[in-house]
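For reference, the structure is listed below as structure tokens.
The values are calculated or read from the model by the stated rules, or taken from the named source; none is laboratory data. The model shown is predicted, which means the values in this text are computed figures rather than measured ones. Glycine also receives a Cβ, built like all others from the backbone with ideal geometry; neighbour counts cover every protein chain displayed. Protein only, heavy atoms only, side chains kept; ligands, DNA and RNA dropped before computing areas. Shrake-Rupley method; radii C 1.70, N 1.55, O 1.52, S 1.80 Å.
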Amino acid sequence: MDKLREICSKTFTPEEMQTLDRAIEFTKQVHAHQTRHSGEPYYTHPENVAIMLANMGMDSHTILAGLMHDVIEDGKDITYEKLASMFGQDIAGMVDGVTKLTKTGKNEMISREDIQAESFRKMFLAIANDIRVVIIKLNDRLHNMRTLQYCSEEKQIRKARETLDIYAPLAHRFGMGAMKCELEDLCMKYLWPEEYKKLEQAMIPYQEERMHTLNKAMEEIEKALKEAGIEATLSGRPKHFYSIYKKTVRQQKTIDEIYDLIAIRVIVNTVNDCYATLGIIHSLWKPMPGRFKDYIAMPKTNMYRSLHTTLFSNDGMGMPFEVQIRTPEMHKAAEYGIAAHWMYKEGRNSPDDLDSKLAWLREALSLEADSNTTREFIENIRKDFFGDYVYVLTPQGKIIDLVTGSTPIDFAYRIHSNVGNHVQHAKVNGALVRLDYKLKNNDVVEIITSPNATPSYDWLKIAKTQQAKAKIRTWFKKANREENIQRGKDMLSEALKRQGAQLGDFTGKKEYFEDILKKFNMSDLDDVYASIGYGGITTGQVTNKLLEQAKKEAKAAAAAERLERLEEEQQSRPENRNNGKGVIVEGDTGMVVRFARCCTPLPGDDIIGYVTRGRGVSIHRRDCPNIEDLLMDPERVVKAEWANNAKSSYTATIQVVADERTGLLMDVSQVLAGMNISITAMTAKVDKANQNIIQIQLSFDVSSTEQLNNIIKSMRKVRSVKEVYRVNQ
């Protein structure tokens, strides 16, 4: 890691360099046996992340945390506590913040979607605690996206979608413009490869033509500023592909109608120079009406500051071009956003500014209390804070960003819950508007409240943001519980009637509601009714669950009745002879008999027979997962039992779940060898959700369930084995 050492040696103290050397050796040791999809040693990834952080001007602790960001996730027995004892709590806290979750609870594996949601939730909480976590995480994701070509197509699409939905908007929210643009372009390359190639080819002639115009314009600006005594640095900035793609697809614009394909960026020393430069440029070219934006006087909510103006060129065609004017500090903030605080010493001592950048995240985290699941919580954040925005203003000039399509109701609740709960009227640009008015950029919004005004159920349809909807539901939840209970009960009753059922069929059976109560964290049936009444949950969520439970119970009752009838019928029938397969089947003994793969019965299991079409009799265990479906065709079900002279060998399959370690497969094989059991098939694979867990499937011949149970008991005693169970072939 010589390059990392060289970069850090310019800013690190001797003590920090010693810590860096220790961290490098530790990182190499943890990732010693890992490789990337490209074939490179895995530690090259965290090394590159650390270099990226160093190039951004981050402090030593952040760079070290970036270098070790995967050690807890990938290292065996590496915990936050161990890392803190080696490198301190500050570094360990950041590493823990970017570490993904792989499972919850003891041996309880959860779905990829739930793992992802829990990991995002953990990350958001960590960011709220330490802003540097998001800087590490975004650099981690950017390097992974830059090397995504080595991954499978499925992984490329999954990672690109996740990046476009979460990480690129997160970079935008924290003002990290350069990173956001690169992430979006990389995502487009994998999600819409054909469109990306077409746009790349289409842009070549436009860029050449416009660069000629811009080069001439830059020469004129440079000359005029020099004459005015203003020091400036000029450059051309091409617009990134995804932004062009969005405008051509979503706004139905042609490339000719996009004026900032390539913009001139002018960087001057002071704010006064910014405005002086703007005046000089406007004296050289005619500005396009409605295309001037002053983000210095009124910064964006992610603290972006700059002057933007679009001008008509003097090339005879009047080709429009954009100019952006800013100071070096503004430029750093525009490129690196929140990370720019660590580039200027004084930035590290401005907690108020940092606090303002985190205001949106605290509002986002408040949605957790009103979300039924972690996945819903993350989805609510994505809808409210990671979409396209409109920027509106309070009468005092404060900018509020809201998701596109928001109404005065959303604006009121963003200001404060009490403002939202008592909205009487709304004014936009001085004129009264309806509460369902769709707000537009630069609207000045004024909310008129009254202590007697209260929310209406219609507001749940009017509000666009999840935040406003949650606060409206909370008001109804607290204000009118008895009314909500009765309202919800009536709504559920009507919904069930439409499905041909009666509410009374379910109210006496509490077990029908157990899954619903658990899912929505409720204590009794009144909570369910009340939640339906104030719009917390829908009738569809409840009716679907109730009808599903009723269907399951009906199938189980029918299956139990059929099995009981088979037992009674067998009492009065003569015994059938052995058919050579080790089982006695009711009826025609000349039929072919085979053992079902869905449950792989063994001597000692309770069994039944099922007459198939053209394949004889299939033998199933009575606890087969398909038993209810088989019993729905009762005339095909026949009595079957094991003969006394059943054959001595039947195939069985088990699954072994264990912590991966050297020698594990040998130890597992020796258990069977010691019992004179030969393995007929074996597969082993690393668990997708947790790379430290290995799943081994073994097939072999046994004579009975008793022998299989003994094998399972012995296998559970092997070191690092967590779970062993019988599976279907």
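Screening the candidates Ala652, Ala681 for the property of being aliphatic (A, V, I, L, M), in contact with a Leu (Cβ under 6 Å, 6 or more places away or on another chain) and under 20 Å from Cys598 (Cα atoms) yields one hit, Ala652.
Scanning segment 390-425 for residues that are open to solvent by 40 Å² or more (accessible area, probe 1.4 Å), in a strand (DSSP E or B) and at pLDDT 90 or above yields Gln424, His425.
All conditions in (1) open to solvent by 20 Å² or more (accessible area, probe 1.4 Å); (2) under 37 Å from the mean Cα position of the chain (by Cα); (3) farther than 18 Å from Asp605 by Cβ hold for Lys717, with the sole exception of (2). One residue stands out among those in segment 595-612 that are of a type in the set (A, V, I, L, M) and under 17 Å from Met632 (Cβ atoms): the one that is farthest from the chain's Cα centre (by Cα), which is Val611. Exactly one residue among Ala232, Ala263, Ala297 is of a type in the set (A, V, I, L, M, F, W, C) and loosely packed, with under 13 Cβ neighbours inside 10 Å, and that residue is Ala297.
Counting the residues of segment 463-495 that are farther than 30 Å from Leu361 by Cα and surrounded by fewer than 20 Cβ atoms within 10 Å (Cβ to Cβ) gives 12.
Conditions (1) open to solvent by 20 Å² or more (accessible area, probe 1.4 Å); (2) among the β-branched types (Val, Ile, Thr), marked per residue:
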| residue | (1), (2) |
| --- | --- |
| Val656 | no, yes |
| Met666 | yes, no |
| Ser678 | yes, no |
| Leu698 | no, no |
| Asp701 | yes, no |
| Thr705 | yes, yes |
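Among the residues of segment 646-653, are any in contact (Cβ under 8 Å) with a residue 60 or more places away in the chain, farther than 12 Å from Ser699 by Cα and assigned to a loop (DSSP other than H, G, I, E, B)? Yes, segment 646-653 has at least one match. The criterion of at least 1 residues that are modelled with pLDDT under 80 and surrounded by 15 or more Cβ atoms within 10 Å (Cβ to Cβ) is met, among helices (runs of 4 or more DSSP H) falling completely within segment 95-212, by 112-129.
Annotation note: Cβ proximity below 7 Å between a residue of segment 199-222 that is within 11 Å of Ile264 (Cβ to Cβ) and a residue that is part of a helix (DSSP H, G or I) and at pLDDT 85 or above (sequence gap 6+ or interchain) occurs for Glu220/Leu284; Ile221/Ile281. Scanning segment 679-729 for residues being among the hydroxyl-bearing types (Ser, Thr, Tyr) and in contact with an Asp or Glu (Cβ under 7 Å, 6 or more places away or on another chain) gives a total of 3. Checking the structure you have, find out if any residue of segment 178-191 is over 26 Å from Met330 (Cα atoms) and of a type in the set (Phe, Trp, Tyr). Scanning segment 178-191 turns up at least one residue that is over 26 Å from Met330 (Cα atoms) and of a type in the set (Phe, Trp, Tyr).
Of the residues Leu460, Leu432, Leu503, which is open to solvent by 70 Å² or more (accessible area, probe 1.4 Å) and over 29 Å from Tyr304 (Cβ atoms)? Unique residue meeting the criteria: Leu432. Residues that are open to solvent by less than 20 Å² (accessible area, probe 1.4 Å) and in a strand (DSSP E or B) within segment 306-319 comprise Leu307, Thr309, Thr310, Leu311, listed in sequence order. Met303 meets the conditions (1) open to solvent by 10 Å² or more (accessible area, probe 1.4 Å); (2) of a type in the set (A, V, I, L, M, F, W, C); (3) in contact (Cβ under 8 Å) with a residue 60 or more places away in the chain; (4) closer than 27 Å to Gly229 by Cα in every case but one. The failed one is (4).
Checking Ile537, Ile532, Ile584 one by one, the residue that is farther than 27 Å from Lys510 by Cα and either modelled with pLDDT of 80 or more or part of a helix (DSSP H, G or I) (or both) is Ile584 and no other. Listed residues Glu335, Glu363, Glu346, Glu446; which is open to solvent by 40 Å² or more (accessible area, probe 1.4 Å), part of a helix (DSSP H, G or I) and at pLDDT 80 or above? Exactly one residue qualifies, and that residue is Glu335. Here Asn690 meets the list (1) open to solvent by 60 Å² or more (accessible area, probe 1.4 Å); (2) more than 30 Å from Asn644 (Cα to Cα) almost entirely, failing just condition (1). If you check Lys239, Lys216, Lys226, Lys247 for being open to solvent by less than 50 Å² (accessible area, probe 1.4 Å), out of contact with any Cys (no Cβ under 7 Å at 6 or more places or on another chain), among the charged types (D, E, K, R) and modelled with pLDDT of 80 or more, only one passes: Lys247. From the list Lys471, Lys552, Lys464, which residue is free of Cβ contacts under 8 Å to residues at least 24 places away in the same chain and out of contact with any Lys or Arg (no Cβ under 7 Å at 6 or more places or on another chain)? One residue alone meets the criteria, Lys552. If you filter segment 266-289 down to residues that are in contact with a Phe, Trp or Tyr (Cβ under 8 Å, 6 or more places away or on another chain) and assigned to a loop (DSSP other than H, G, I, E, B), you find that the one that is least open to solvent (accessible area, probe 1.4 Å) is Trp285. Annotation note: of Gly405, Gly430, the sole residue that is closer than 25 Å to Arg173 by Cα and small (Gly, Ala, Ser) is Gly405. Going by the structure shown, is Ala652 in contact with a Ser or Thr (Cβ under 7 Å, 6 or more places away or on another chain), of a type outside the set (Ser, Thr, Tyr), open to solvent by less than 60 Å² (accessible area, probe 1.4 Å) and closer than 20 Å to Ile607 by Cα? Yes, satisfied. Exactly one residue out of Lys489, Lys464, Lys478 is assigned to a loop (DSSP other than H, G, I, E, B) and basic (Lys, Arg), and it is Lys464.
Taking Ala224, is it closer than 30 Å to Leu278 by Cα, touching a helix residue (DSSP H, G or I) at 6+ places or on another chain (Cβ under 9 Å), assigned to a helix (DSSP H, G or I) and not hydroxyl-bearing (Ser, Thr, Tyr)? For Ala224, the condition - closer than 30 Å to Leu278 by Cα, touching a helix residue (DSSP H, G or I) at 6+ places or on another chain (Cβ under 9 Å), assigned to a helix (DSSP H, G or I) and not hydroxyl-bearing (Ser, Thr, Tyr) - is met. Taking first residues from segment 26-47 that are within 11 Å of Met68 (Cα to Cα) and among the polar types (S, T, N, Q) and partners that are modelled with pLDDT of 90 or more and open to solvent by 40 Å² or more (accessible area, probe 1.4 Å), the Cβ contacts under 8 Å between residues at least 6 apart in sequence or on separate chains come to Thr27/Tyr43.
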